[in-house]
Amino acid sequence: MSAPKVLNNIARLSVALGLGGSLLNASLYTVDGGEQAVLFDRFRGVLEETAGEGTHFLIPWLQRPFIFDIRTRPRVITSVTGTKDLQMVNLSLRVLSKPDVEKLPYIFKTLGVDYDERVLPSIGNEVLKAVVAQFNADQLLTERPYVSALVREALVKRAKDFNLLLDDVAITHLSYGTEFSRAVEQKQVAQQEAERSKFVVAKAEQERRAAIIRAEGESEAAKLSLLNQSLQISDATLSAGSGIIELRRIEASREIAATLSKSRNVVYLPSGNNMLLGLNPSFTNSQ
């Protein structure tokens, strides 16, 4: 066998091996962990059976695989919506979603590989607007867990219509407009002032009650003191007899006489009825 023939055979073998390798490579596809493959057949359309993890065969040119990520993926949905009292609220909703594996062929036929981009923002805004419209702006803060539970329930139910499974739904951010934030701040300041006024009034009431109790105590103490003095006088009277009364009468007479002696218009007449008369000087002159 001549050298040209050998080279020709080697070239043919190389071409055959290359074509065979290319055909084999085109007939194989790999599905990684956490993924699922949907096959599209040019004659039969989307096949109902999906392929799991591993390496699989297909018919080149006739079939084509589409890989889906079936792991739970986070997504944040933002929405600006109005409340029941016509206040605008900025909300951020975190959603952990994944497709229903058994419904992947139907999802591919109706929504495509980017199903989450088409569905989640739409239904997320729809549910948020519907739920938030049932509450006033201040209730979104005071009843936030209840609002979040309503959003979760409604969104899970809505996502099932598109064969999506939601592992978790939560409101992660909530903010109001500038005017409402200012009004809330002013309301808080007013509430603090009202509480301070209540404290002042309560303090004044306690002081008033304390003053009343103190006055009542002092009154009772004064009564007890007078009673004690009366008892002492009674005891002294009983022990000394009528002499102490006569002594008190003489002392009182002396004080009255000393006071009257300082008056210019009083004359004491020793004779007669021993009366004290207030005489008018003009009347005396006329006599």
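For this structure, a couple of remarks:
- Cut-off under 5 Å, modelled amide H: who pairs with ASN136 long-range: LYS84
- Working note: Cα gyration tensor of the range 118-242, eigenvalues times five, square-rooted, sorted largest first, giving semi-axes of 78, 17, 7 Å.
- Our note on the geometry: Cα centres of the range 141-161 and the range 24-98, 24 Å apart.
- Under a 5 Å amide H cut-off, with hydrogens placed 1.01 Å from N, LEU165 pairs with LYS98, ASP100 among residues at least 5 apart or on other chains.
- Solvent accessible area, Å² - THR55, 1.4 Å probe, full protein context: 90
- In a fully extended conformation the segment linking ILE213 and SER27 would gain 56.8 nm over its present Cα-Cα distance, using 0.36 nm per residue.
- Estimated vicinal HN-Hα couplings, Hz - the range 48-59 in sequence order (Karplus 6.51, -1.76, 1.60; Gly, Pro = x): 6, 8, 9, 10, x, 5, x, 9, 9, 9, 8, 8
- Each residue of the range 73-176 gets 81 Å³ once the volume of the Cα convex hull is shared out per residue.
- Taking θ as phi - 60° and the Karplus parameters 6.51, -1.76 and 1.60, the scalar couplings of the range 119-129 work out to 9, 4, x, 5, 6, x, 5, 4, 5, 4, 5 Hz in sequence order, x denoting glycine and proline.
- Integer Hz, Karplus 6.51/-1.76/1.60 couplings in order for the range 191-206, x for Gly and Pro: 5, 5, 5, 5, 5, 5, 5, 4, 5, 5, 5, 5, 5, 5, 5, 5
- Accessible surface of THR30 - all protein chains present, 1.4 Å probe, nearest 10 Å²: 80
- Nonlocal amide H pairs with THR81, under 5 Å, H built at 1.01 Å: VAL89, LEU91
- Distance between the pseudo-spin-label points of ARG248 and GLU53 (7 Å out from Cα toward the beta carbon): 11.5 nm.
The values are calculated or read from the model by the stated rules, or taken from the named source; none is laboratory data. Since the model is a prediction, treat every value here as computed from it, not as a measurement. Cβ sites come from the backbone with ideal geometry, for glycine too, and all protein chains shown count toward neighbours. In case anyone asks, the SASA skips ligands and DNA or RNA and just uses the protein heavy atoms, side chains included. Shrake-Rupley method; radii C 1.70, N 1.55, O 1.52, S 1.80 Å.
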